[in-house]
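These notes concern the structure reproduced below.
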Amino acid sequence: MAEIMLQIATVLIFFAILFGVIRLVLGKTLVDRVVAIDMLTVISISLIALYAQVSGRFVYIDVALVYGLLSFLAVLAIARFLERGL
C-alpha cells in the first residue's frame, strides 16, 4: 500500500512539474514567471522529500529545508527588486 502511494505521489509531482514549466514558458509577465519558478522550487523540495522517504536517507530532508529557505530568500529579493529596485 505504501509503494502505491509513493508511485501516485511521484506521478502527481511530475504532472506538477509539467504544468509549472508550461506556466514558465507561457507566462505573460515577469511576475508570472517568478511565481512559476517559485512553484517549481516547491515541487522540487517535495521531490527531494519523496526521494528521502524512498531511499531511507533522511539527511535529504535537511537539504530540502535549506533549499526551501534559500528559495524563500531569493523570491523576497526578486519581489523587492520588482517593486522598487535594489
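From the square roots a ≥ b ≥ c of the eigenvalues of the alpha-carbon gyration tensor of the chain, which class results: rounded (a/c under 1.5), prolate (a/b over b/c), or oblate? Can you show the working numbers first?
Working: a/c = 5.22, a/b = 1.63, b/c = 3.20.
Oblate is the answer for the chain, as a/c is 1.5 or above yet b/c matches or exceeds a/b.
Quick one: helix 30-55 against the long Cα principal axis of the chain, what's the angle to the nearest 10°, folded into 0 to 90?
Roughly 20 degrees between the two axes.
Note down the magnitude of the dipole of the chain about its Cα centre, charges +1 on Lys and Arg C-beta and -1 on Asp and Glu C-beta and zero elsewhere, to the nearest 20 debye. Each step should come with its number before you reach the end.
On the way: 6 positive and 5 negative charges, 55 e Å.
Dipole about the Cα centre, nearest 20: 260 debye.
So which trypsin sites (Lys or Arg not before Pro) in region 1-83 are both in a DSSP loop and have at most 15 other Cβ atoms within 10 Å of their Cβ?
Details: sites: ARG23, LYS28, ARG33, ARG57, ARG80; in loops: LYS28, ARG57.
In loop regions of region 1-83 (DSSP not H, G, I, E or B), the sparsely surrounded trypsin sites (Lys or Arg not before Pro) are LYS28, ARG57.
Kindly list the residues of region 49-79 that lie in the label zone of GLU3, defined by a backbone N under 12 Å from the point 7 Å along the Cα-to-C-beta vector.
No residue qualifies, since no backbone N sits under 12 Å from the label point.
Just so you know, all these numbers are worked out from the coordinates, no wet-lab data involved. These numbers were taken from a predicted model, which means no experiment stands behind them. Cβ sites come from the backbone with ideal geometry, for glycine too, and all protein chains shown count toward neighbours.
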